[in-house]
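Below you'll find the structure, written out as structure tokens, and then a few comments.
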Amino acid sequence: MGKNMIQDIIRKTRTVRKFQEEMKISQETLLGLIDLARLGGSARNCQPLCYMLITDSEQCEKIFPLLGWAGYLSDWPGPEPGERPVAYILCLLDTKRCKGPENEVYIDLGIASQNILLGAAERGIFGCRIGAFSKDAVGRSLALGNRYKPLLVLALGYPAEEVVLEKMEQDGDIRYWRDADSVHHVPKRQLSDIILEPGS
Ligand SMILES: Cc1cc2nc3c(=O)[nH]c(=O)nc-3n(C[C@H](O)[C@H](O)[C@H](O)COP(=O)(O)O)c2cc1C
């Protein structure tokens, strides 16, 4: 393994919201990504998460309007036709496999979704976690029963936008922005701003 491989892939794994819609992702690749989620840590090792793949264009068209895109970009309603995600991974809680408190589920979800996005980035595929969606509407659209609770949507595709990291001043603006060339900028706090001493 190269010296900075993990660091490089973590830096590269940025949220992308515009895609090359003509470039599809194979079912095999998507299953390979979910397999990475499967291997993540899980509180009490309950492994209560499961996943639904949405790839056919009719279903993608049904899901898309239920999703909230880039809340800080108030004049951007989301990707246009031709730049929309080509696949969605819906992450669900299997309530029958959940034995612990709900906050543990969300830790599992963070680990699982990051495994998926890291594995995707390694393959040149990027995506966006979407927490802003109507769980009921998505549940209805996919005819989900009571057992499965939608938690998070991962929208995926080959990227059609550039995303760069920016240094954030101490307690500066957390909002990402797009410049005149449509480059997406993401401010990150600096290391010295997140290290605490005892008694803080
Ligand atoms: C739990 C979670 C939920 C998110 N939900 C949304 C969402 O609903 N819509 C969206 O456009 N981005 C969403 N994002 C993406 C964040 O806006 C993004 O991670 C943040 O701007 C930092 O960019 P980065 O992922 O490139 O570091 C979500 C991210 C996380 C971790």
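Tabulated data for the structure shown
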read-out	value
Computed over the stretch 1-80, Cα set: Rg, Dmax in Å	16.4, 43
Area projected by the alpha carbon convex hull of the stretch 1-159, averaged over all directions, nm²	10.1 nm²
Links that overshoot a 19 Å alpha carbon limit, given the list 12/188; 99/149; 18/149; 24/62	18/149
Total formal charge among the other residues, if their Cβ is under 12 angstrom from that of residue 5, Lys/Arg +1 and Asp/Glu -1	+1
Residue order, fewest to most surrounding Cβ atoms within 10 angstrom, among 69, 177	177, 69
Dipole magnitude of the stretch 83-195 about its Cα centre (Cβ charges: Lys, Arg +1; Asp, Glu -1), debye to nearest 20	760 debye
Dipole axis of the stretch 10-85 (+1 Lys, Arg; -1 Asp, Glu on Cβ), positive-most option in 59, 74, 47	47
The stretch 73-200 - convex hull of the alpha-carbon atoms, volume per residue in Å³	176 Å³
Antiparallel %, DSSP beta bridges [both residues in the chain], to 5	80 percent
Formal net charge of residues neighbouring residue 193 (Cβ-Cβ distance under 15 Å; K, R +1; D, E -1)	-2
Trypsin sites (Lys or Arg not before Pro) restricted to DSSP loop in the stretch 87-157 with at most 13 other C-beta within 10 Å	99, 123, 147
Eligible aspartates and glutamates near residue 167 by straight Cα distance, threshold 16 Å, same-chain separation 8 or greater	179, 193
Contact order relative to length of the stretch 38-140, as percent, for alpha carbon pairs under 8 angstrom and 6 or more apart	44 percent
Highest-MSF residue in the chain out of 85, 77, 48 [GNM, Cα springs under 10 Å]	77
Low-density loop cleavage sites - trypsin sites (Lys or Arg not before Pro) in the stretch 1-93, where at most 10 other Cβ are within 10 Å (DSSP)	3
Under 11 Å, Cβ to Cβ, from residue 159 - net charge with Lys/Arg +1 and Asp/Glu -1	+1
The stretch 57-139 - Kirkwood radius from inverse mean 1/r over Cα pairs (Å)	14.8 Å
Electrostatic dipole magnitude of the chain [Cβ: Lys, Arg +1; Asp, Glu -1; Cα centre; debye, to 20]	780 debye
For 9, 111, 34, 89, order by how many other beta-carbon atoms lie within 10 Å, fewest first	9, 111, 34, 89
The stretch 151-196, dipole about Cα centre (Lys/Arg Cβ +1, Asp/Glu Cβ -1), debye to the nearest 20	180 debye
DSSP beta bridge pairing in the stretch 81-200, given as percent antiparallel to the nearest 5	75 percent
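We did not get these values from a lab; they are worked out from the coordinates using the rules stated. For clarity, every value in this text was computed on a predicted model and none was experimentally measured. Note: ideal-geometry Cβ built from the backbone for every residue, glycine included; neighbour counts use all protein chains shown.
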